[in-house]
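Encoded as structure tokens, the structure appears first; notes follow it.
The values are calculated or read from the model by the stated rules, or taken from the named source; none is laboratory data. These figures come from a predicted structure and were not determined experimentally. Cβ sites come from the backbone with ideal geometry, for glycine too, and all protein chains shown count toward neighbours. Ligands, DNA and RNA are stripped out before the accessible areas are found, and what is left, the full protein with its side chains, is counted by its heavy atoms. Shrake-Rupley method; radii C 1.70, N 1.55, O 1.52, S 1.80 Å.
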Amino acid sequence: MRAADRGPVLVTGATAAYAAYLGAALAAARPLVVVVPSDGAARACVDDLALFGCAATILPEPDGSAYAELAADRAAEAARLAVLFALARGGPAAPRVLVTTGAALVRKTLPVAELLARALEIRRGTAIVRDATAARLVEAGFARAPVVDDVGTFAVRGNVIDVGAPGLPYPA
């Protein structure tokens, strides 16, 4: 543990169990980023860390190439943005332990200020202007749909706006 006091720690060749034990011990003292080879390895690492009482969040790999002609999977992009947003906001909602891949780390994304500026937080009991909110959702990258059945979509029905928001299991 003294090595961690001097800077980043690179651990290679460790068994999954020992890596999880070491990760949990390091995370008790400071935020931690664990880099693994694949999203599958990231899911396994999160499960292993949980065995040692350490909650971790996965920053998923981006879906496809940044230069691909096809649109990325909305659910995958939303999951990635939800984690990046939590990191950008900081505070108690920010993940203390992040498990990710090298590809996920090097992928360019929105600058923090722009990500925060595009965020729209609506709390229960808050009055909103329907058309302005719908326009803001489109600016933020949401797609208008007749029915919300996916993350990243929204529907307007009368004075009700349903939103498939990142990080929520059901539309709000």
Looking at (1) in contact with a strand residue (DSSP E or B) (Cβ under 7 Å, 6 or more places away or on another chain); (2) free of Cβ contacts under 8 Å to residues at least 24 places away in the same chain; (3) of a type outside the set (D, E, K, R), can you tell me which one residue 22 breaks? (1)
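Can you tell me which residue among 30, 6 is open to solvent by 30 Å² or more (accessible area, probe 1.4 Å), over 23 Å from residue 103 (Cβ atoms) and under 20 Å from the mean Cα position of the chain (by Cα)?
Working: 6 fails: under 20 Å from the mean Cα position of the chain (by Cα).
Only one candidate qualifies: 30.
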Which numbered condition residue 120 fails, given (1) over 30 Å from residue 159 (Cβ atoms); (2) at pLDDT below 85; (3) in contact with a Ser or Thr (Cβ under 9 Å, 6 or more places away or on another chain); (4) of a type outside the set (Phe, Trp, Tyr): (1)
